[in-house]
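Taking it in order: structure first as structure tokens, then the write-up.
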Amino acid sequence: MPSSELIAWFADVGLADRLTVGGKGGSLGELTRAGIPVPPGFVVRTAAFEQFLAAIDKDQSLRARVEALHSDELEKITALSRRLREQVEGAPLPENVSAAIVAALVELCGKDNNPPLAVRSSATTEDAADASFAGLQDTYLWVIGAQSVVDRIRSCWASLYSVPSIAYRRKHAMPESGVAMAVVVQGMVNARKAGVMFTRSPQTGDRSVVTIEGAWGLGSAVVSGEVTPDRWVIAKITGEISVRDISDKHVRHLPAPGGGVQEMETPGDLRRVPCLTDPEIFELRDIARSVERHYGRPQDIEWAIDQSGNTLLLQSRPETVWSAKDRAPVAKAVDNPLQHVMKIFGGRR
């Protein structure tokens, strides 16, 4: 099944397609095309969202209502968010959009199979090189069945109008006309262990190391902060592991019967045991280096290792905290550079 106006397969898109597949969709396509192991899947393009929005917003006032708000009007934002989310989640999909999604699911999963899937928001405003909107929209894990996938796609669209998402956009005065939502649908990784890694130290900004964080079970426990992960710092070139910080991983996220995710207590014999072996650490280091080399800048990466020991990436986005510091001027520009020196020595009188 080829990509279309409404559906895009990972192998057919990249970062240049952000406006039609969102930040996450573009990144997963980019990784796939670069040969990095990624769970297979497709993106419901922003065109599907736009068709849906046109069907429920006949007078085309929805975006104007959002744009009329100020970031400090929390009560108004909350009230509008509630109305819009109810409107989006309660409306049926246009028939052609629903049919395209179901056809893509058959192509991905097979006609009679209902494997667990991840349904992930992919807004056009997220994972940009100069800002991170991660966490403002919703992700659903271990979704089973075509109808559940369609419902969760609608929920992802609705999350574009969550209180944090609206407030963030209003704070940054982003025009709503440029805001749209694609949705990633991909195979769910039954992770034995998972986590994140950074191709520069999140503590110091050191670009010569990779910092890896991980825990048992699905990576959602690490991303949400519900468990303190193990942490390793490894040199990119020499492979020397300079930090081994093993935590008490008291809980883990696991698939729930019938779909969804449940939090379970970690067995006592695993709580204080490193979740990664040294060979796995070295493999993750190598993958991180490849991803950073492909993108040409430091990355914030989500990874998982399945029950068979296969390592897969779930996302890679630009690292923004230290990159923003690198771009910031160390002092306010002045006409005469010597004034900086005079101010420094003048303050020591």
Report task. Starting from region 272-290, keep only residues that are closer than 11 Å to Thr311 by Cβ, then list their pairs with residues that are part of a helix (DSSP H, G or I) whose Cβ atoms are within a distance under 8 Å, requiring at least 6 positions of separation or different chains. Result -> Leu276/Leu284
Requested in this report: Looking only at region 316-330, decide whether some residue is more than 13 Å from Val196 (Cβ to Cβ) and modelled with pLDDT of 95 or more.
Outcome: no
Query raised in the report: modelled with pLDDT under 95, of a type outside the set (S, T, N, Q) and at positive phi, is that true of Gly178?
Result: no
Requested in this report: Return the only residue of Ser220, Ser242, Ser247, Ser290 being modelled with pLDDT under 95 and either in contact with a strand residue (DSSP E or B) (Cβ under 9 Å, 6 or more places away or on another chain) or within 16 Å of Leu312 (Cβ to Cβ) (or both).
Outcome: Ser220
Query - Which numbered condition Arg200 fails, given (1) more than 21 Å from His294 (Cβ to Cβ); (2) surrounded by 20 or more Cβ atoms within 10 Å (Cβ to Cβ); (3) charged (D, E, K, R) - result: (1)
Query raised in the report: Across region 1-57, what is the total count of residues that are assigned to a loop (DSSP other than H, G, I, E, B), more than 20 Å from Ala104 (Cα to Cα) and touching a residue at least 60 places away in the same chain (Cβ under 8 Å)?
Result: 3
Query raised in the report: What pairs can you find where one residue is in region 243-264 and exposed (fewer than 13 other Cβ atoms within 10 Å of the Cβ), the other is among the hydroxyl-bearing types (Ser, Thr, Tyr), and their Cβ atoms are less than 9 Å apart, with a gap of 6+ or different chains?
Result: Asp248/Thr228; Asp248/Thr266
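The values are calculated or read from the model by the stated rules, or taken from the named source; none is laboratory data. Owing to the predicted nature of the structure, the values given are computational and were not obtained by experimental measurement. Every residue, glycine among them, receives a Cβ derived from its backbone with ideal geometry; neighbour counts consider all protein chains shown.
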